[in-house]
Amino acid sequence: MSTVVLADAGHHVAGIDSSPTLTAYARDGGGYDEVVCGNATELPWLDSCADLAIAFMTLHDIPDPAPAIRKIARVLEPGGAPCVAIVHPLNRSAEKLQEYFTDTRFSESVTRKGLTMTFEGADRPLESYTRALAAAGFVIEDLREPRADAAAVGRAPELAPASRQPFFLHLRCCRVSPTPRLGQFRA
């Protein structure tokens, strides 16, 4: 859903990106009340100012997602929800899957339709995200692994592998009340 649709429905939308180019495109695209060029680990907004935070295809690109997730928790009001979309931790080569539990940075250039883009990110286990979410007081309400259907593959044949294995992972979370940790029950 675009920010213009959200704004037209009466929502207030703010965004942050570390890329000056993408920040400018977001401003030009409209729908935002505010767009900031900055770091996700230094969100410039007040505590408890938002009811929803969306981290779309970003947490897997930063060196450590935990500080950004803590900042998301800070800006969310009680009952607020973070929604996260990342590259699925299983979406890597068989060779890299042999070292699934090792965090590794990568840089990969992809050329499609004459355009080349370089993607930089990190391969890390799913636990890196789930532990950071739990430490910030969130539980996962819903977990989805979008699957390319026949119509999508018909429009974009390069998506055929996404009909057999997950490319992306979507998480919807909610904040929970703090609960005692193991060992806190002892007298």
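Since every read-out is calculated from the coordinates, none of them should be taken as a lab result. Because the structure is a prediction, the values reported are computed rather than measured. For neighbour counting, all protein chains shown are included, and Cβ atoms are generated from backbone atoms with ideal geometry for every residue, glycine included.
Students often check this: by mean Cβ neighbours within 10 Å, which of 64-76, 112-124 ranks highest, and how do the rest follow? Don't jump to the answer; show the numbers that get you there.
Details: 64-76: 20.0, 112-124: 11.3.
Descending packing order for the listed peptides: 64-76, 112-124.
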- Query: In a shell of Cβ-Cβ distance under 9 Å around S128, excluding S128 itself, what net charge do Lys and Arg (+1) and Asp and Glu (-1) give?
  - Reply: -1
- Check F168: other-chain or 5+ apart residues with amide H under 5 Å from its amide H, H built from backbone geometry? H88
- Item | Radius 14 Å from Cβ of L171, net charge of other residues (Lys, Arg +1; Asp, Glu -1) | 0
- Message: Can you compute the helix-only [θ] at 222 nm over the chain? Use -39500 (n - 2.57) per DSSP H run of at least 4 residues, normalise by all residues, nearest 500 deg cm²/dmol.
- Response: -6500 deg cm²/dmol
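Add +1 for every Lys or Arg and -1 for every Asp or Glu among the other residues with Cβ under 13 Å from the Cβ of S107, and state the total. Don't jump to the answer; show the numbers that get you there.
Details: positive: R105; negative: D61, E108, E120, D123.
After counting each charged neighbour, the total is -3.
Please figure out what share of the DSSP beta bridges in the chain is antiparallel and state it in percent, rounded to the nearest 5. Display every interim value, and only then the final one.
Numbers: 20 of 30 bridges.
Antiparallel: roughly 65 percent of the beta bridges in the chain.
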- For Rg and Dmax of the Cα atoms in Å, the choices are (i) 24.5, 78; (ii) 25.1, 90; (iii) 18.3, 67; which was calculated from the structure? (iii)
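Defining a contact as two alpha carbons under 8 Å apart and six or more residues distant in sequence, what relative contact order in percent does the range 47-175 show?
On the way: 216 pairs, mean separation 38.9, N = 129.
Dividing the mean separation by the residue count of the range 47-175 yields 30 percent.
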